[in-house]
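Before any comments, here is the structure.
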Amino acid sequence: MKHFLFWVCICWSSCSAKAGTGWVYLADSTRLFFAINNELYAPDQSTLLYFSKGNIFFKGTTDDKQNIYLLTSSMNPASASLQTFYLGDNKEDVFSFQENQFYYGKNETSDFMERNKLVHFRKSGKWTAAYSSLSDSLLAYYLTDSLPPSIAIIVAYTLIKKYGLPGSLNKLQTLPAVNTEQQFSTIKPIWGNVIDNEWIWDGEILRLRWSNDPRFFWTFDGQYIKPYYLQNINLQYEWDGELFKPIWRNSRAEEWIYDGRLLKPVYDTDWANQYVLENNVLKPWSNVHSEREWRVDGTIPTPLLILVVSGIAGAR
């Protein structure tokens, strides 16, 4: 949220103060739309992309039938009752919304709504921010007081398609059940809260064993370590067989090295952060910090061990 407020300050000067006019930004401050009342323009501010009329969003400049883009049962994203919308030429791919939460499909049961959340909107002062309901990561934001509420509908649909959220939702719902067979490897604390901090590696995905929170799913292809669901370049790392470090930014605190015996930060000489794996126990080699010991069962790649013991994997 601090980053969001910082972006707000940066972008304020470039936002129009006129009523009904404003920019819609992606999380990285890239301009997504320029809105004037019920019209949405490309970032060049001259190419009309969509406009609304009644409960219909049209693409282009005319309200011809063939230009119908979205059909919706309501233009109020904060509706107390569940509303639906779908692409003009596809009545089977239905989305729904209620109280600023957008869902894949339509079903009013609480279980369905909990399992099919895609995007939700939250206000911060005069600003509205759109978040992924799969990871709670910021996707877009804009100045609410300058734009009609209906803008949230087309923004939500744009984000759903841009980030492939239905596909990510399907992946999450079809993950294989975790069991205790030897096909899985695990790393967990020997002391403390084991349930919330046990990780499981199946050869493709590293994840918290007892949670389906998509923020804590990671993949490793032998060189790159990155989130399985999240599209965040700041959470992508590389491994060259010796050095673990972020790919797209400089962060000395997150650089680790394996010298053939010890796992340790490159720029930190604290013995408590220098780990050795002995008899399936990953522990500080100084032997004076038993609270930092981890039990490793099976085979887990070295950079994933670093990901866990450094705290990066479970950072919230």
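Over 22 Å between Cα atoms: which of Lys59/Lys91; Lys117/Lys162; Lys59/Lys162; Lys53/Lys117 fall into that group?
Numbers: Lys59/Lys91 17 Å; Lys117/Lys162 16 Å; Lys59/Lys162 17 Å; Lys53/Lys117 27 Å.
Those over the limit are Lys53/Lys117.
Please list, in order along the range 120-130, the HN-Hα scalar couplings obtained from phi with the Karplus expression 6.51 cos²θ - 1.76 cosθ + 1.60 (θ = phi - 60°), rounded to whole Hz, x for Gly and Pro.
9, 10, 9, 8, 9, x, 8, 9, 10, 10, 9
In whole Hz, with x marking every Gly and Pro, tabulate ³J(HN,Hα) for the range 198-211 from phi via Karplus 6.51 cos²θ - 1.76 cosθ + 1.60, θ = phi - 60°.
8, 10, 10, 10, 10, x, 10, 10, 9, 8, 5, 5, 10, 9
Have a look at Ala130, Tyr163, His289 and report the one farthest towards the positive end of the charge dipole of the chain, computed about the Cα centre with Cβ charges (Lys/Arg +1, Asp/Glu -1).
After comparing all options, I get Ala130.
Can you check how the C-alpha radius of gyration of the range 52-202 compares to 2.2 N^0.38 Å, as a plain ratio?
Numbers: Rg = 19.3 Å, N = 151, 2.2 N^0.38 = 14.8 Å.
Compared with the compact-globule rule of thumb, the range 52-202 sits at 1.30.
Rounded to the nearest Å, what's the spacing between the alpha carbon centres of the range 139-154 and the range 103-119? Just the number, please.
22
Given only helices, namely DSSP H runs of n ≥ 4 each adding -39500 (n - 2.57), what is the per-residue ellipticity at 222 nm of the chain, to the nearest 500 deg cm²/dmol? Before the final figure, lay out the partial values.
Numbers: 5 runs with 46 residues, N = 316.
Taken over the chain, the calculation gives -4000 deg cm²/dmol.
Size of the dipole of the chain about the Cα centre, Lys and Arg at +1 and Asp and Glu at -1 on the beta carbon, nothing else charged, in debye to 20?
Details: 30 positive and 33 negative charges, 166 e Å.
So the magnitude is around 800 debye.
For Lys188, give me every one of the lysines with a C-alpha distance below 29 angstrom, ignoring sequence neighbours fewer than eight places off in its own chain.
Partners found: Lys171, Lys226, Lys245, Lys264, Lys283.
With a 1.4 Å probe and every protein chain left in place, work out the accessible area per residue of the range 60-133 in Å², rounded to a whole number. Can you show the working numbers first?
Numbers: 3780 Å² over 74 residues.
For the range 60-133, the per-residue accessible area is 51 Å².
Please report, as a whole percent, how much of the solvent-accessible surface of the chain comes from carbon and sulfur atoms (probe radius 1.4 Å). Provide the component values of the computation, followed by the final result.
Working: 7900 of 16190 Å².
Reported share for carbon and sulfur atoms: 49 percent.
Hey, what's the range 274-316 come to in accessible area per residue, 1.4 Å probe, Å²?
Working: 2010 Å² over 43 residues.
So the range 274-316 comes to 47 Å² accessible per residue, rounded to a whole number.
What is the Cα coordinate range of the chain on the first, second and third principal axes, sorted by size from largest, in whole angstrom?
So the extents along the principal axes, rounded to whole Å, are 71, 43, 31.
What relative contact order, as a whole-number percentage, does the range 37-127 give when Cα pairs under 8 Å and 6 or more residues apart are counted?
Working: 154 pairs, mean separation 13.2, N = 91.
With pairs under 8 Å counted, the relative contact order is 14 percent.
The values are calculated or read from the model by the stated rules, or taken from the named source; none is laboratory data. On a predicted model such as this, the values are computed, not experimentally measured, just so you know. No Cβ is skipped: glycine too gets one built from the backbone with ideal geometry, and neighbour counts run over all protein chains shown. Just so you know, the surface numbers come from the protein's heavy atoms only, side chains and all, with ligands and any DNA or RNA stripped out. Shrake-Rupley method; radii C 1.70, N 1.55, O 1.52, S 1.80 Å.
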